[in-house]
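Read the figures in this text as sums done on the coordinates, not as results from a lab. The structure displayed is predicted, hence computed values, not measured ones. Cβ sites come from the backbone with ideal geometry, for glycine too, and all protein chains shown count toward neighbours.
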Amino acid sequence: MRISSVLPNQSFFENYAEAILIARSDDTIFFVNNTFTKLLGYDNSQPDLTSLRVVFGEKVGLQTDALSKDKHSKMLLTRKNGTRELFKVSLSPIVLMDGSAAKVYTVSNDSDLGYLKELWKESETRLKELSDISPIMIWMTDDNGQCYYFNQSWLRFTGKKSDEESGVGWFKGVHPDDVSIFQQINHLLVKRELYTCEYRLKKYDDTYGYIVEIGTPRFLPDGTFAGYMGACLNISAMKQAKQELDNQTTELKRSNEELEEFAYVASHDMQEPLRLINSYIQLMQKNIHDGKLGEVDVFMKYITESVNRMQALINDMLQYSRVNRKGNKFSTVNLNGVLSIAVANLTKRIEENQTIITYEAMPEIVGDQSQLIRLFQNFIDNAIKFRSPERKPVIHISVKEVDGEYEFSVIDNGIGIDHKFHNRIFVIFQRLHTRTEFEGTGIGLSVCKKIIERHGGEIKLDSEVGRGTTFYFRLKK
């Protein structure tokens, strides 16, 4: 249908000094004049100029309802190039030549509006600058949940450009294990309520940092939901400090347990050799006083044995206490070399007992080489010590991957351990046999357990009396 056939005084509207837009009652645009084209960029030949929503936005219904006859309003209009500016808009009714009702919008850009526009731009610039200098990471979404703004703190944290993060691009940086967190808060997003969550986000250096996020819903003056604004705080340093504090607390607890163990040793294990020394000294004094010197050498032998026993206890206590305090820094360690050194250190005992030792190809791990040598050396020495009198000692060491860690097995064919004693064998100076049956202070396996724990692993065993024992322990790669 030709415009001239339904629009009265078409030439008047076409040549009118101010911008004119005419729309039918269903908000479809019917006509724009040349001034409107110059001001906003649209013309009658453009197929995308169909509805008032193109120019006025989604809230056109409410905006037009607010405009009554010969009344004016200041509102944001969208230009052809996508920018939005504040204009003075008047609305008047008109009846077309075919009898249908229409609406005439007069759009002007006067000095007041220009001043308001500059004021609005200045305010927007100040808010952006304030946002960019803030140490807090700030973002905004539209009413469909699509992010369209990230401040400089966010972009510095992620090392990404704004267009890479826009929409849902930022979600690619969330740690895979933390994706479920957003499913947990989805009910709050649906209700458009305030939420708080904590998750890990990939940083510029491809590591993950911990952030705590607060999301706040935004609403227009008419109550319409406009999207979310979020503030994120990088709490990685706080997390690290808490982890260090937890580690120190654990270490303090472990240290207190050690002190209790040492106190027990001092009050029990060390008291025994001291009592023996005291008893034999008294006997020596009595025999010397009575002129009986024949047994003095025997008493001196027992005293020397007790002193040596006490010295061994002291040395073993120091060795045990130094596992954590005097350990070397971790480095890459080849366990094939570690086992070779451990076996070489025990060459004499291995040969004397005709021990057969086999082990599989060992991996490299990150750890303390000297302690790992002691670990395998203690296991081998323990297996030789508790060998069966009926057969030669046979020891096999194997390894496999389990849940991203290395699980080692030390298998022997010794005397075995009764199930009821499985927990006791890892306690310092706890012995299951008398010193006349087996030498030593009973510290070897407790040191093994402590070394394994220092390397982030754990130990367990499987044993049958008379059939041998298998020790299992895990170490991180």
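For this structure, a couple of remarks:
- Using a simple spin-label model with pseudo-atoms 7 Å out from Cα toward Cβ, Leu245 and Ser45 lie 7.2 nm apart.
- Figure legend: label point modelled 7 angstrom from the Cα of Gln152 along Cα→Cβ; residues of the range 125-142 with amide N under 11 Å from it are 129-135.
- Gained length - Asp418 relative to Asn308, 0.36 nm times residue gap less alpha-carbon distance: 36.6 nm
- Cα-projected label distance for Val168 with Ser236, points at 7 Å along beta-carbon direction, nm: 2.6
- Rounded to the nearest 0.05, the FRET efficiency derived from the C-beta distance between Val179 and Met229 at R0 = 22 Å is 0.50.
- Modelled spin labels at Lys476 and Leu189, positioned 7 Å past Cα toward Cβ, are 3.3 nm from each other.
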